[in-house]
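Everything below concerns the one structure shown next.
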Amino acid sequence: MQKEGCRLSSFVLRMLALVTMLIDHTGLALFPSVGLFRCIGRVSFPLYCFLLVQGFWHTRDVRAYGRRLLLLALLSEVPFDLLIFGRTVSGVEQNVFFSLLLALLALYAADALHGRPLYAFAAHATLCLTAMAARVSYGWLGVALCLCAYYADGRKARLALSTGGVLLLYTLSLALSGVTRSWVLVSLCALFALGPMLLYNGRRGARCAPLTFLFYAAYPLHLLALAALRAMRIIPPYFLH
């Protein structure tokens with residue numbers, strides 16, 4: 001039997017998701033030739049999707065939750081475009097909070113259409129297609145990962161099989177779309193997110209207003225900070241140019 005001390009609260013998962021996201025974007029912005037940064041960063045998004053489901057189950061007001069995600073998506077879009085594309089406006093890809101917002105809508109639909117599987121499937125498929133058409137980060141993957149955690153309903157084996165299968169399917173779709181083999185291999189590292197998910201103990205852990213603000217504000221703020229650091233060219237390898 002596993003000791004409770006080895007189990008992880010949602011606070012620990014949030015910190016892990018945040019740190020791996022920072023590592024990912026630091027590699028993208030400042031050390032693009034070092035693949036290890038991006039490999040570590042693949043853990044972040046599946047964890048954020050898993051945590052979104054926990055938030056959905058525990059929130060008192062789903063609509064307020066959705067409004068917060070929408071506000072952060074709008075606030076983060078310019079910093080995201082600056083860091084990823086080097087300009088203030090780009091339609092190539094939308095930031096990850098738009099992905100999470102669509103995933104939250106999928107969870108709401110799953111709850112509202114409980115007992116009506118055909119309607120639920122139609123709603124989920126529509127949201128996946130919307131994610132692809134809107135070119136949000138990770139496309140349909142955010143909706144799919146959140147639904148995996150939702151329908152697993154705390155059952156570890158079901159969570160592992162469904163989430164692992166969806167991540168492998170997404171990686172296969174990348175390979176078929178013509179991305180480089182190296183990026184396909186990097187994308188496989190998202191499977192390592194299963195470890196922390198399966199160690200989740202169902203508890204929130206440390207929780208207070210400043211921490212909640214940190215978790216939300218960290219996304220747009222770190223994008224701006226990394227874009228500024230890259231523009232100043234004070235971190236290798238940029239200072240050599």
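When each of Gly139, Gly154 is tested for being part of a loop (DSSP other than H, G, I, E, B), within 16 Å of the chain's Cα centre (by Cα) and small (Gly, Ala, Ser), the lone residue that passes is Gly139. Scanning segment 174-213 for residues that are within 18 Å of the chain's Cα centre (by Cα) and more than 26 Å from Ser9 (Cα to Cα) returns Leu174, Trp183, Val184, Val186. With a requirement of 2 or more residues that are out of contact with any strand residue (DSSP E or B) (no Cβ under 7 Å at 6 or more places or on another chain) and closer than 25 Å to Thr88 by Cβ, the helices (runs of 4 or more DSSP H) lying completely within segment 168-232 that satisfy it span 209-232. The residue list Arg38, Arg116, Arg87, Arg135 contains one member that is surrounded by 16 or more Cβ atoms within 10 Å (Cβ to Cβ) and of a type in the set (D, E, K, R), which is Arg38.
Of the residues in segment 90-113, how many are of a type in the set (Val, Ile, Thr) and either assigned to a helix (DSSP H, G or I) or buried (at least 17 other Cβ atoms within 10 Å of the Cβ) (or both)? Qualifying residue count for the region: 1. Looking only at segment 189-204, residues that are out of contact with any Leu (no Cβ under 8 Å at 6 or more places or on another chain) and either surrounded by fewer than 16 Cβ atoms within 10 Å (Cβ to Cβ) or of a type in the set (Phe, Trp, Tyr) (or both) come to 5 in all. Per this entry, Leu74 is not counted among residues that are over 14 Å from the mean Cα position of the chain (by Cα) and either among the small types (Gly, Ala, Ser) or crowded, with 18+ Cβ neighbours inside 10 Å (or both). For segment 69-116, filtering for residues that are free of Cβ contacts under 8 Å to residues at least 24 places away in the same chain and either in contact with a Pro (Cβ under 6 Å, 6 or more places away or on another chain) or of a type in the set (A, V, I, L, M) (or both) leaves 7. Criterion applied to Leu52, Leu13 was being buried (at least 20 other Cβ atoms within 10 Å of the Cβ), touching a Cys at 6+ places or on another chain (Cβ under 8 Å), at pLDDT 95 or above and under 15 Å from Arg204 (Cβ atoms), and the one residue passing it is Leu52. Might you let me know whether segment 50-64 holds any residue that is without any contact (Cβ under 8 Å) to a residue 40 or more places away in the chain and touching a helix residue (DSSP H, G or I) at 6+ places or on another chain (Cβ under 8 Å)? Checked segment 50-64: at least one residue is without any contact (Cβ under 8 Å) to a residue 40 or more places away in the chain and touching a helix residue (DSSP H, G or I) at 6+ places or on another chain (Cβ under 8 Å).
The values are calculated or read from the model by the stated rules, or taken from the named source; none is laboratory data. Remember, predicted model here, so these are calculated numbers, not experimental data. Cβ sites come from the backbone with ideal geometry, for glycine too, and all protein chains shown count toward neighbours.
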